[in-house]
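See below for the structure under consideration.
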Number of protein chains: 2
Amino acid sequence: MNLLEKLHSEVASLSKSERKVADVILADPHGAIHKSIATLAQLADVSEPTVNRFCRTLGAKGYPDFKLQLAQSLVKGTPFVNRHVEQDDSIEDFTGKIFESTMAALNVTRKHIDIETLEQAIEALSQAKKISFFGLGASASVAHDAQNKFLRFDTPVMFSDDVLMQRMAAINSGPGDVIVFISHTGRTKALCEIAAIARQTKAKVLGITAFPSPLADECEMVLSTQVPEDTDVYMPMASRIAQLVLIDVLITGYTLRRGPDFRDKLRLIKESLRDSRFGKVDGV
Amino acid sequence: MNLLEKLHSEVASLSKSERKVADVILADPHGAIHKSIATLAQLADVSEPTVNRFCRTLGAKGYPDFKLQLAQSLVKGTPFVNRHVEQDDSIEDFTGKIFESTMAALNVTRKHIDIETLEQAIEALSQAKKISFFGLGASASVAHDAQNKFLRFDTPVMFSDDVLMQRMAAINSGPGDVIVFISHTGRTKALCEIAAIARQTKAKVLGITAFPSPLADECEMVLSTQVPEDTDVYMPMASRIAQLVLIDVLITGYTLRRGPDFRDKLRLIKESLRDSRFGKVDGV
DNA sequence: ATTATTTTTGTAATTTAATTACATTTATTG
DNA sequence: CAATAAATGTAATTAAATTACAAAAATAAT
């Protein structure tokens, strides 16, 4: 709870003089942060120590600290809150909510990311003989995207959103191969079975999925993207974005691990794409 | 521009002693807001007036005002800064940078989003006889994802990452159809040509792409996702995320526009997927 | 109702912090 | 290598915040 909210909720329990101070501040919080304790005391018609005590009552160390906290609580935005879309939202409303929820999801994912697993995953990828990305439904496009990124390197990479193909590929994998399973829920039966098969071949199995979940159990390494989401009515949105950003992180780690000479190759690929574009070359 | 950003961008133009002050603050901005001018001067090994002058250089009224502004710019946890990944970054470092850059990109996109175009686009989609999503390379997976989302409704939807297929589909489109072109650069020649063809058929052409750009010129409606990015060495990451979130916004608008009875259908689809999963049903 | 006790508030003194004026040093240029 | 301008520091001044204590108000108990 920030200071301003606290102030609102505690005015009732303040003493008479302290409430006078609170009133002056609440009337113009933005102005208050530039007032000295003397000015504020005068405006509230109380003594300076009263203002000081008031600050301490609100949990601040003193008047300057109080102003600091007040200033911080006045910063507008209150972003990163996962608010649900309502039927009568205006376009601005739900657009803002979606962007904010997505950012909130990214924030949560970043905070809970397991660096150790990430390190293992990057290590495994950079030493892989072959890399595969498997996903179904909405997660298929995430897997597709991952393949697209890794296609720029010289390690063989495949992607599939077909259960039979995935099963066959899993059976034919072996030590040194990395198979990445992508799933929002981690509960898709077909994918769990395939992950189990893949593990028996001693291939490295990485899950980008919910934890805990049946799929996570089958994986050697798990990067968790569990994000609280309103999945009842709408479809997974924010969690899929989190998955994609995780893949961005993986590929960045992979690129860095492979060293600078590798980056020259990337530049070559970019140049080879130039002819298909109008002027000013850029990424795809 | 908040104080912290300003500080970052102006360190270069500061004098030697002032830069020492800046360094101390940048090393621990959160700590700085609780230091007195004397402590800070001591840490930076400069005199107190130097700190004071430093504050004025940054546009503050004095030291207390500077602290106030600094406190405010620290509220969001210092995200939203587009910092580049460096060769010797640790995993924590570049992970943080990627997440932050992505969030920064989303923030920029949200701010610059054209609500009017968005409204037109949602209107067009909800009345479409057929919806197509076209993209190439990395943007193909974005288009793929969009198709996946719209497949849950009763409007015919297609996706293609094949230039010939796209061309044929464009020729066979007509009034009432909506074709969405997705491209990071907006400079892919093949896609521009197809967009031009599509327009001649009187189909509604929506671009999710950079503006201004050759592709944007061919589109009736453009949702811009131009994001400053380090595209020289690595591949487009943040801008693709912005495109995906825009699609989330479009589909949310579409769903809301179609009304509550429509949402029951969504629930039916979800239930039909239940059998393919272990326990606790959820989105895909 | 009145006194004792606690709580609240204010006055004045003290301490701490920030700023100003001016001197000195350091860099810059002809 | 002067001469000038810019940058930095010292010391004095002013402003701000806090503390200690006393007075007043409110509450409780007899």
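The values are calculated or read from the model by the stated rules, or taken from the named source; none is laboratory data. Everything numeric in this text was worked out from a predicted model, so none of it was measured. All Cβ positions, even for glycine, are placed from backbone atoms using ideal geometry, and neighbour counts span all protein chains on display. Accessible surface areas use protein heavy atoms only, side chains included; no ligands, DNA or RNA. Shrake-Rupley method; radii C 1.70, N 1.55, O 1.52, S 1.80 Å.
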Check your understanding: Ignoring ligands, DNA and RNA, what percent of the 1.4 Å accessible area of the stretch A:115-236 is carbon and sulfur?
Key -> 52
**Study point:** Positive-end extreme of charge dipole, the stretch B:110-257 - chosen from B:Met237, B:Phe181, B:Gly253 (charges on Cβ)
**Key:** B:Gly253
Point to revise | Per-copy distances of the A:Lys202 label point, shortest first, in nm (7 angstrom along Cα→Cβ) | key: 6.6
Review point. Put a point 7 Å out from Cα along the line to Cβ at B:Asp23; what are the distances to that point in the other copies, in nm, shortest first?
Key: 5.3
Point to revise | Virtual spin-label span in nm between B:Leu26 and B:Gln127, 7 Å along Cα→Cβ | key: 5.4
Point to revise | Whole-number accessible area per residue in Å² for the stretch B:1-149, which is evaluated in the context of all protein chains at 1.4 Å | key: 44
**Study point:** Share of pairwise Cα separations in the stretch B:3-73, more than 15 Å, in percent
**Key:** 43
Check your understanding: If packing is taken as the mean number of other Cβ atoms within 10 Å per residue, what is the order of A:213-221, B:10-18, A:163-171, highest first?
Key -> A:213-221, A:163-171, B:10-18
Exercise for review: With a Förster radius of 45 Å, plug the Cβ-Cβ distance of A:Asp217 and B:Met165 into 1/(1 + (r/R0)^6) and report the FRET value to the nearest 0.05.
Suggested key: 0.65
**Study point:** Shielding by partners - mean other protein chain Cβ count within 10 Å, residues of A:88-95
**Key:** 5
Check your understanding: Averaged over peptide B:113-121, how many Cβ atoms belonging to another chain are found within 10 Å of each residue's Cβ?
Key -> 2
Check your understanding: Quick one: Karplus J couplings for the stretch B:36-45, per residue in order, coefficients 6.51, -1.76, 1.60, θ = phi - 60°, nearest Hz, x for Gly and Pro?
Key -> 7, 4, 5, 4, 5, 4, 5, 4, 8, 6
Point to revise | the stretch B:3-73: Lys pairs at Cα distance under 17 angstrom, eight or more positions apart or on different chains | key: 6
Check your understanding: Along Cα→Cβ at 7 Å, what distances in nm separate the B:Lys61 label point from those on the other copies, shortest first?
Key -> 2.3
Practice item. Any chance you could run the full-extension gain for A:Glu193 through A:Ala38? It's 0.36 nm times the residue separation minus the Cα-Cα distance, nm to one decimal. Key: 48.6 nm
Review point. Ignoring any ligand, DNA or RNA, what whole percent of the accessible area of the stretch A:3-73 comes from carbon and sulfur when the probe is 1.4 angstrom?
Key: 52
Practice item. Provide the net charge surrounding A:Val178, with neighbours chosen by a C-beta distance below 13 Å and charges set as Lys +1, Arg +1, Asp -1, Glu -1. Key: +2
Study note, to complete from the structure: Cα extents of the stretch B:110-257 along the principal axes, largest first, in whole Å, come to 41, 33, 25
Review point. Across peptide A:181-188, how many C-beta atoms of other chains are within 10 Å of each residue C-beta, on average?
Key: 4
Review point. Just the accessible area for A:Asp88, please: 1.4 Å probe, Å², rounded to the nearest 10?
Key: 130
Practice item. Give a residue-ordered list of calculated ³J(HN,Hα) values for the stretch B:152-164 (Karplus: 6.51 cos²θ - 1.76 cosθ + 1.60, θ = phi - 60°; whole Hz; x for Gly, Pro). Key: 6, 10, 8, 7, x, 9, 9, 9, 8, 10, 10, 4, 5
Exercise for review: Between A:Asp88 and A:Leu4, take the C-beta separation as r, use R0 = 30 Å, and let me know the FRET efficiency to the nearest 0.05.
Suggested key: 0.60
Review point. Between the stretch B:161-217 and the stretch B:1-54, what is the C-alpha centre distance in whole Å?
Key: 52
Point to revise | Solvent-accessible area buried by pairing B with A, both sides, nearest 100 square angstrom, 1.4 angstrom probe | key: 8100
